[in-house]
Each structure stands twice: as structure tokens, then as C-alpha cells.
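So the structure is just underneath, and the comments pick up after that.
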Amino acid sequence: MAATPRAEGPPEEVIKAVGCAHYKRKSKFVTPCCNKVYTCRFCHDEKEDHTVNRKEVTELICTLCETRQPVQAECQNCGIRFGKYTCLECNLFDDEDKNQYHCSGCGICRIGGAGRFFHCEKCNMCLPVQLKNGHKCVENVSRANCPVCLEDIHTSRIPCHIPDCGHLLHRTCFEQLLQSGHYACPICQTSLMDMTQLWKYLDNEVAHTPMPPEYSNYMADILCKDCHKESTVKFHVVGLKCTQCGSYNTCRIKGPPCPIAGETASNNTNRVALSPNPNFLDDHPDSGSGHADNSEGSSNN
């Protein structure tokens, strides 16, 4: 008996077009939360008032033959593979090559290539290999939300920026901060980038802006937000410079005015606690130079 010829599948261009704006794949999933059909979790979360945990998905629908079936790598009816990259732990299928890999430490799939990243146990996230012996560990740092947009970082598909202080924020949020003239970490207030050129600019401003005689000997007690050391400096309207590291990213630490030790209140020389100049990091012409950009963490898939 002659073998029954196998039915021809759909044209290759039709297969390639299957998917959504987020993923190219040949399956849809049945949501365990609301029993609806979506191509991916992002499509679901954009339309519903709740989120779906894709690891709880138990059923798929093949987009080629419409067969409803348990989660698996290939369709049980037509044999098509749902995605060139398949992770059954995350229930992730993707036909696009993004150098995906599953990180057991993070518990999710990431993009960028496993060889380019390592999992830091204390930070509890994947970081670029060039930071393996040169980053500041912050425990479970990626499990918090971005301090700018307040959206999740750990499962976000947006690349993150890793400043020297170790706190994470989305790359796009970091760029928006700089464009708005904000150069300090929203969490710890440490400078987000190399500010050497701006500090030189402010040094020049101070040198060419003499204070009135009645204020020339006033002092201020300050705390530097970059080196975290205290110092007593001469007050200047342009800014209060740390004597330890030269940063102008400082704030006051004492209360009302008081005479300097060994002097009387009548000699017009006082130590005063002054609020920092709120515009000490305005976007000056030279403030953008000297930007030392740290590496980004791997994006999530």
C-alpha cells in the first residue's frame, strides 16, 4: 500500500509572520487567571487589570493548526516547533535569536548570551562579566522597582544602568534624569557619573565670584554625598565643596549659626549651617563631558 502523502504545511512566510509585537512564536497560551487566550504575557498585561504568571500556564494553542494542548516544545498535532528558543521552565518560546539563556539564579530567561554575564549571588542578578571583580554588591538589588518610573526591574525587558553606587535604574530612566539636569542617584544621592568637569567649572565660578565682605568668613558644616565624609568649609553662594574629595554634591548637617571655637560672637566670623544650592548640578555647558558609562545588565526575556 502506497504511503499517504503528508499534508503540506503553510508557506514559510506565513510561519515567520506568526507572533505579536513582543515575540515571534507559533503558539498562544491559555491564561490560568482569566482563561483567555493571548500570544504573550505582555499582550495580556496590557489589556487586563491584572498580571499573569507565565510559569503557571498549563495549556497552549498552536497558531498553525489551532490544537489546544499541554505546554510542550512541539505541537502534538502538526509537529511544528513553537519557538527556536524554548524554555519549558519559563514557558517561553521565541523564534528570534536574541542570545537567550535561562539563569537558574534569577529564575528567568535573559538575553545577551550566557557567556557575557555572571550571576552575583549577593546582588541576586546577572551582571556583565567585566564587573565580576569590580562592582559594588547591593543585596537583592534587582528585586526592587526602578526608583524613577517605579516599575519592576527584575523581570523588565528594558536594559538597566548600573552606576558606581550599585543601585539599579532603567537605562531609559537614567537618560531622562541626565536630560532633566539630575545627576544624583535617586536612592542614595551619590553622583551617577563622573562629575570632574562640572566640579572644575564650579571651582572657576567660585574663584570669579567673590562673596560680600560681611559673608567672606562664614563657615558651613557639610556632609559629602559622594565620599560620605564631613567637613567644615567656607560658605559660597555657588556651592559648598567637600574638602575630602572635591565634590559639590554636599548637604548641610548642623542647625543654627554658632561662633567658631575660640572666637566671640562679635567678630563677625560665624559657622553657619546652610542649605545646599538647589541648582548645584544645573546643566552647565561642560557638565556633560567626562561621562564614564558603566555596563548595562542583561535584559529579561
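The values are calculated or read from the model by the stated rules, or taken from the named source; none is laboratory data. Computed from a predicted model, the values in this text were never measured in an experiment. All Cβ positions, glycine included, derive from the backbone under ideal geometry; neighbour counts span all protein chains shown. Note: areas computed on protein heavy atoms with side chains; ligands, DNA, RNA excluded. Shrake-Rupley method; radii C 1.70, N 1.55, O 1.52, S 1.80 Å.
Checking the conditions here, which among D221, D203, D164, D226 is open to solvent by 60 Å² or more (accessible area, probe 1.4 Å) and in contact (Cβ under 8 Å) with a residue 24 or more places away in the chain?
D164
Among residues belonging to region 16-33 that are open to solvent by 30 Å² or more (accessible area, probe 1.4 Å) and under 23 Å from I108 (Cα atoms), point out the one that is modelled with the lowest pLDDT.
Checked region 16-33; the qualifying residue modelled with the lowest pLDDT is G19.
With (1) over 19 Å from I111 (Cβ atoms); (2) out of contact with any Asp or Glu (no Cβ under 7 Å at 6 or more places or on another chain); (3) without any contact (Cβ under 8 Å) to a residue 60 or more places away in the chain; (4) surrounded by fewer than 17 Cβ atoms within 10 Å (Cβ to Cβ) as the list, and D152 as the residue in question, which single condition is left unmet?
All conditions are met except number (1).
From the set of residues in region 119-149 that are open to solvent by 30 Å² or more (accessible area, probe 1.4 Å) and part of a strand (DSSP E or B), which is farthest from Q189 (Cα to Cα)?
Only one residue tops the list, namely H119.
Could you please give the count of residues in region 73-95 that are assigned to a loop (DSSP other than H, G, I, E, B), of a type outside the set (G, A, S) and surrounded by 15 or more Cβ atoms within 10 Å (Cβ to Cβ)?
7
So which residues in region 46-72 are under 21 Å from Y85 (Cβ atoms), under 29 Å from the mean Cα position of the chain (by Cα) and surrounded by fewer than 17 Cβ atoms within 10 Å (Cβ to Cβ), if there are any at all?
N53, K55, E56
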